[in-house]
Amino acid sequence: MKNVIPFVAGVVFAIGLCLSGMTNPEKVQNFLDVTGSWDPSLAFVMAGAIGVHVGFAQWAQRAKTPYFSDSFAWPSFTRVDARLVIGAAIFGIGWGLSGYCPGPAILSIAHPSRALFAFLLAMAAATILARKVFERPRDRRANEDAALSRT
Amino acid sequence: MTTFTPLASAVGGALIGLSASILLVGSGKIAGISGIFGGTLVPKTGDTAWRVSFLAGFLLAGLAVSRALPQSFGAPVTRSLGVAVLAGALVGAGTQMGNGCTSGHGVCGLSRFSMRSLAATLVFLGAGMITVLAWRRLGGAP
């Protein structure tokens with residue numbers, strides 16, 4: 001079950017993305033173009049996704065363990081900090097420029113083009129670089145916060 | 001122009017929510033694509049197999065849908081490789097720096113009522129809207 005559940009989740013996620021319209025970058029840009037050729041469809045994607053997930057997410061936060069593993073992998077860091085806001089802003093600019101967020105971009109390997117490969121290679125390289133740069137400092141600071149809150 | 005598709009988009013969204021629920025309730029993991037992708041590229045011992053399984057199902061289903069419903073994939077909006085590289089680098093760096101993307105923050109985090117995810121979602125939506133506005137007004141490709 002350890003690998004079956006993530007596999008099934010990946011299948012369902014991909015079908016959902018394709019049906020939702022998010023694998024069409026022009027549609028994504030039109031969703032963001034609120035003062036121009038606005039296409040509000042993607043608000044319905046978010047509403048549908050949260051509508052289904054919110055009950056399970058709330059249940060999971062009260063549950064001790066998931067059904068087929070030992071623990072929940074909740075994020076340990078909960079403060080809104082500059083790194084979060086700047087990171088989200090950088091992501092938003094790239095998302096607006098291309099109409100691709102990570103899921104639809106990776107999924108579009110099924111419908112390849114030169115521009116998509118250029119996007120994916122740059123995204124992968126930046127992902128590796130940013131992981132190396134950012135992973136450690138926050139872990140250290142989160143640990144310091146935990147140590148402070150214990151004293 | 002693209003057509004307004006409230007029903008298809010809501011059904012697709014519901015499946016995304018179902019996938020996130022299967023992964024959370026079954027495996028205790030958060031269905032954030034940038035996190036799953038990043039953790040696969042920079043693996044940690046004991047925390048990689050489930051990511052590879054997820055991505056395998058994800059890509060296989062994508063290939064199947066591209067056969068059955070090829071029209072669900074649109075062409076990239078820019079043919080400029082420079083813009084594609086810039087956008088890809090921004091998406092990769094920004095999602096790792098901000099610990100999430102549209103799925104991790106916009107679906108999973110908001111469903112948990114996380115303040116970090118609410119802040120991130122408002123910021124990336126705002127930044128995306130301003131970017132499209134500027135890009136299209138400056139005569140960039142639609």
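The values are calculated or read from the model by the stated rules, or taken from the named source; none is laboratory data. These figures come from a predicted structure and were not determined experimentally. All Cβ positions, even for glycine, are placed from backbone atoms using ideal geometry, and neighbour counts span all protein chains on display. Keep in mind that these areas ignore ligands, DNA and RNA; they rest on the heavy atoms of the full protein, side chains included. Shrake-Rupley method; radii C 1.70, N 1.55, O 1.52, S 1.80 Å.
Which is of a type outside the set (F, W, Y), outside the structural domain of A:V12 (by TED's automatic domain parsing), modelled with pLDDT of 95 or more and closer than 18 Å to B:T40 by Cα, of A:A130, A:A82?
Numbers: A:A82 fails: closer than 18 Å to B:T40 by Cα.
On inspection, the qualifying residue turns out to be A:A130.
Checking B:A84, B:A89, B:A31 one by one, the residue that is out of contact with any Asp or Glu (no Cβ under 9 Å at 6 or more places or on another chain), within 7 Å of chain A (Cβ to nearest Cβ) and surrounded by fewer than 23 Cβ atoms within 10 Å (Cβ to Cβ) is B:A89 and no other.
Could you please let me know if B:G94 is free of Cβ contacts under 8 Å to residues at least 12 places away in the same chain and buried (at least 21 other Cβ atoms within 10 Å of the Cβ)? Break it down stepwise before answering.
Working: free of Cβ contacts under 8 Å to residues at least 12 places away in the same chain: no; buried (at least 21 other Cβ atoms within 10 Å of the Cβ): yes.
No.
Does B:A75 satisfy the criteria of being of a type in the set (A, V, I, L, M, F, W, C), under 26 Å from A:V34 (Cα atoms) and not in a helix (DSSP H, G or I)? Taking the combined requirement at face value, the residue satisfies it.
Condition check ((1) open to solvent by 60 Å² or more (accessible area, probe 1.4 Å); (2) closer than 21 Å to A:A14 by Cβ; (3) touching a strand residue (DSSP E or B) at 6+ places or on another chain (Cβ under 8 Å)) across all residues:
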{"position": "A:A63", "(1), (2), (3)": "no, no, no"}
{"position": "A:Y67", "(1), (2), (3)": "yes, no, no"}
{"position": "A:D81", "(1), (2), (3)": "no, no, no"}
{"position": "A:I106", "(1), (2), (3)": "no, yes, no"}
{"position": "A:P112", "(1), (2), (3)": "yes, yes, no"}
{"position": "A:F119", "(1), (2), (3)": "no, yes, no"}
{"position": "A:A122", "(1), (2), (3)": "no, no, no"}
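Being over 22 Å from B:V52 (Cβ atoms), in contact with a helix residue (DSSP H, G or I) (Cβ under 8 Å, 6 or more places away or on another chain), outside the structural domain of A:F134 (by TED's automatic domain parsing) and open to solvent by 60 Å² or more (accessible area, probe 1.4 Å), is that true of even one residue in segment A:45-58? Yes, there is a match, as at least one residue in segment A:45-58 is over 22 Å from B:V52 (Cβ atoms), in contact with a helix residue (DSSP H, G or I) (Cβ under 8 Å, 6 or more places away or on another chain), outside the structural domain of A:F134 (by TED's automatic domain parsing) and open to solvent by 60 Å² or more (accessible area, probe 1.4 Å).
Scanning segment A:95-115 for residues that are in contact (Cβ under 8 Å) with a residue 12 or more places away in the chain and of a type outside the set (S, T, Y) turns up A:W95, A:G96, A:G99, A:C101, A:P102, A:G103, A:P104, A:A105, A:I106, A:L107, A:H111. Of the residues A:V28, A:V34, the single one that is more than 7 Å from chain B (Cβ to nearest Cβ) and either in a loop (DSSP other than H, G, I, E, B) or surrounded by 24 or more Cβ atoms within 10 Å (Cβ to Cβ) (or both) is A:V28.
The residues in segment B:36-50 that are more than 7 Å from chain A (Cβ to nearest Cβ) and either hydroxyl-bearing (S, T, Y) or surrounded by fewer than 24 Cβ atoms within 10 Å (Cβ to Cβ) (or both) can be counted, and the count is 8.
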